[in-house]
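**Student:** This structure is in structure tokens; I'll ask about it shortly.
Nothing in this text is a laboratory measurement; each read-out follows from the coordinates by a stated rule. None of these values were measured; they are calculated from a predicted model. When we count neighbours, we look across all protein chains shown, and the Cβ atoms used for this are built from the backbone with ideal geometry, even at glycine.
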Amino acid sequence: MYDFDVLVLGSGPGGQKAAIAAAKLGRRVGVIERDNMIGGVCINTGTIPSKTLREAVLYLTGLSQREMYGQNYRVKEDITVADLAARTQHVIGREIDVIRNQLTRNRVSLLSGFGKFADPNTLTVTDSRGRESHASAAKVVIASGTRPARPSTVDFDERTIIDSDGIINLERVPRSMVVVGAGVIGIEYASMFAALGTKVTVVERRDRMLEFCDLEVIEALKYHLRDLAVTFRFGESVASVERYAEGAVAVLESGKKIAADTVMYSAGRQGTAPELELAAAGLSSDARGRLSVDEHFRTSVPHIYAVGDVIGFPALASTSMEQGRLAAHHACDEPARAMPALQPIGIYTIPEISFIGRTEDELTEAKVPFEVGMARYRELARGQIIGDSYGMLKLLVAPDDGRLLGVHIFGTGATELVHIGQAVMGCNGTVDYLVDAVFNYPTLAEAYKVAALDAMNKMRHLSRLQ
Ligand SMILES: Cc1cc2nc3c(=O)[nH]c(=O)nc-3n(C[C@H](O)[C@H](O)[C@H](O)COP(=O)(O)OP(=O)(O)OC[C@H]3O[C@@H](n4cnc5c(N)ncnc54)[C@H](O)[C@@H]3O)c2cc1C
């Protein structure tokens with residue numbers, strides 16, 4: 001009766017995994033995506049370009065080797081945008097190939113163009129030449145993502161005043177940059193450009209940044225960024241941005257003026273749901289262009305699912321993929337477990353941050369007692385070998401039964417290391433497991449044992465006194 005069993009709108013992480021999962025379950029699947037956006041924001045303008053750029057910056061600046069070879073160590077003296085773009089374009093190209101390949105191998109049809117609802121089971125697809133076609137399906141998964149929110153008062157020109165999508169199209173490495181918004185994306189880019197030698201000023205309306213993270217970790221990050229000449233303007237807002245031939249001036253509400261080659265807005269993202277003619281499907285979006293869903297990722301129209309950034313928090317590629325898989329399983333009547341509550345957060349600043357579980361502040365507010373076990377990279381042989389003297393791993397441990405309540409990591413490999421803590425926590429493991437475990441030596445993973453011993457010793461000391 002329908003062209004497809006499952007039709008997916010958008011080929012970002014959510015849509016892609018939904019399509020593959022449904023195809024693996026033997027369903028006829030189609031994915032609608034614009035010509036030049038296979039892989040979504042994730043591959044083309046977001047996660048992958050930014051993480052590749054970070055890797056290029058770390059390599060070319062030699063930043064992570066300066067502890068060993070001195071503060072003047074550089075792999076390349078004059079780093080150009082072409083140096084950075086070469087690596088980014090290479091990885092984007094490869095990743096697009098991988099996705100195309102996976103879709104083809106699993107017999108997923110790629111419908112090229114912009115999709116909109118014609119009725120609850122039919123989408124109109126308009127290709128880049130304006131030609132229209134229709135595709136119908138029993139189930140639809142919306143994974144149309146978000147775009148950067150742009151204040152209407154700011155005159156973006158893609159050169160001096162840009163949003164985070166514009167970073168990868170910069171013509172040169174700016175000498176100075178104002179980053180508006182100290183969210184994850186803003187701070188990641190601020191740290192990359194600071195490492196390149198750009199003089200960065202971060203303007204943030206709130207008094208803190210990344211307040212969902214461990215306070216001690218954020219203090220350490222701020223210290224490092226200030227060391228790279230980043231200036232923070234917390235509790236300040238940008239009132240206007242003036243554009244000139246040679247750059248821009250950000251005028252703050254307090255009256256301060258900051259001149260910079262580039263002003264980058266990183267002020268949140270707006271859902272793309274309103275562009276989909278939702279009314280034709282009996283749906284509507286919220287003020288931020290997002291859709292609400294139930295625990296199975298069903299919208300208010302039961303055969304239409306939504307996953308990924310278009311449903312809001314946590315808006316990560318990591319979670320979007322799993323949402324896509326779970327939505328597809330539900331749509332195909334395949335039993336699936338619920339999304340685990342325990343999810344890691346990775347922030348690819350320089351240095352990087354990662355955590356899982358709860359923070360000290362959250363536990364204190366909830367009056368949950370905890371003990372802290374700390375390991376510093378400089379006490380680990382691997383830390384010395386790689387020249388990371390600032391890294392740290394912190395375990396938050398329940399004193400009564402030794403369960404891990406949180407793992408917070410700052411420094412080299414944080415986003416990889418966190419998964420050891422995730423596995424222990426996910427299996428209800430205790431700090432005893434980490435105390436007893438033998439780790440490869442010399443590794444950064446050994447930090448778990450050092451931190452576990454630290455927590456254990458503190459708890460033993462307390463119980464002896466009592
Ligand atoms: C700079 C930056 C860095 C990031 N870093 C990380 C990170 O390190 N780790 C992490 O986990 N996440 C990161 N994210 C977030 C991550 O990119 C998103 O969470 C993820 O891409 C969302 O996936 P999605 O499935 O919602 O689709 P998206 O990746 O948002 O893609 C949606 C796709 O839908 C298509 N589409 C939309 N409407 C239509 C339509 N009507 N017709 C046809 N196609 C349509 C778009 O063309 C697009 O390709 C980052 C984001 C940004 C911007």
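**Student:** Which value, in Å to one decimal place, does the Kirkwood hydrodynamic radius take for the range 351-465 when every pair of different Cα atoms is included?
**Tutor:** Numbers: mean 1/r = 0.0713 Å⁻¹.
One decimal place: 14.0 Å for the Kirkwood radius.
**Student:** With bins 5 Å wide starting at 0, give me the P(r) of the range 162-231 over every alpha carbon pair, in whole percents.
**Tutor:** Percent of Cα pairs in each bin: 4, 16, 29, 27, 14, 7, 2, 0.
**Student:** Taking Rh as the Kirkwood radius, which is the inverse of the mean 1/r over Cα pairs, what is the Rg/Rh value for the chain?
**Tutor:** Values: Rg = 23.9 Å, Rh = 24.0 Å.
On the Cα set of the chain, Rg over Rh gives 0.99.
**Student:** Still on this model: Which number do you get for Rg(Cα) / (2.2 N^0.38 Å) in the range 108-170? Walk me through the intermediate numbers first.
**Tutor:** Working: Rg = 16.5 Å, N = 63, 2.2 N^0.38 = 10.6 Å.
The range 108-170 yields a ratio of 1.56.
**Student:** Kirkwood hydrodynamic radius, computed over distinct alpha-carbon pairs, for the range 110-237: how many Å, to one decimal? Intermediate results must be reported in sequence, preceding the final value.
**Tutor:** Numbers: mean 1/r = 0.0561 Å⁻¹.
Its Kirkwood hydrodynamic radius stands at 17.8 Å.
**Student:** Could you state the principal axis extents of the C-alpha atoms in the range 1-122, from the largest down, to the nearest angstrom?
**Tutor:** 69, 26, 19
**Student:** For a quick protection proxy, order the peptides 196-202, 343-349 by their average other-Cβ count within 10 Å, most packed first. Spell out each step's value before the answer.
**Tutor:** On the way: 196-202: 21.7, 343-349: 19.9.
Going by the mean number of other Cβ atoms within 10 Å, highest first, we get 196-202, 343-349.
**Student:** Moving on. What ranking, highest mean first, results for peptides 386-394, 405-413 when packing means the other Cβ atoms within 10 Å averaged over each residue?
**Tutor:** On the way: 386-394: 21.1, 405-413: 25.1.
Result, highest mean first: 405-413, 386-394.
**Student:** Report, by chain and number, residues whose modeled amide H sits under 5 Å from the one on Asp3, excluding near sequence neighbours (fewer than 5 apart, same chain).
**Tutor:** Residues meeting the criterion, in which the H sits 1.01 Å from N, are Ser136, Ala137.
**Student:** On to the next question. Just tell me which aspartates and glutamates come within less than 14 Å, Cα to Cα, of Lys24; anything on the same chain fewer than 8 places away is out.
**Tutor:** Correct list for Lys24: Asp5, Asp333, Glu334.
**Student:** Please list, or write none, the lysines whose alpha carbon is within less than 19 Å of the alpha carbon of Lys116, excluding same-chain residues fewer than 8 places away.
**Tutor:** Partners found: Lys139.
**Student:** What does the convex hull of the alpha-carbon atoms of the range 247-344 project to on average, in nm²? Walk me through the numbers on the way to the answer.
**Tutor:** On the way: hull surface 38.1 nm².
Averaged projected area of the range 247-344's Cα convex hull equals 9.5 nm².
**Student:** Antiparallel versus total DSSP beta bridges in the chain: what percent is that, nearest 5?
**Tutor:** Working: 45 of 77 bridges.
Around 60 percent of the beta bridges assigned by DSSP in the chain are antiparallel ones.
**Student:** Which of the lysines could a cross-linker bridge to Lys256, judged by Cα under 24 Å and excluding same-chain residues fewer than eight apart?
**Tutor:** Within the straight-line cut-off, Lys256 pairs with Lys199, Lys222.
**Student:** So how do 20-26, 395-401, 438-444, 240-246 stack up, highest first, on mean other-Cβ count within 10 Å?
**Tutor:** On the way: 20-26: 20.3, 395-401: 18.6, 438-444: 13.9, 240-246: 12.3.
So the order, starting with the most tightly packed, is 20-26, 395-401, 438-444, 240-246.
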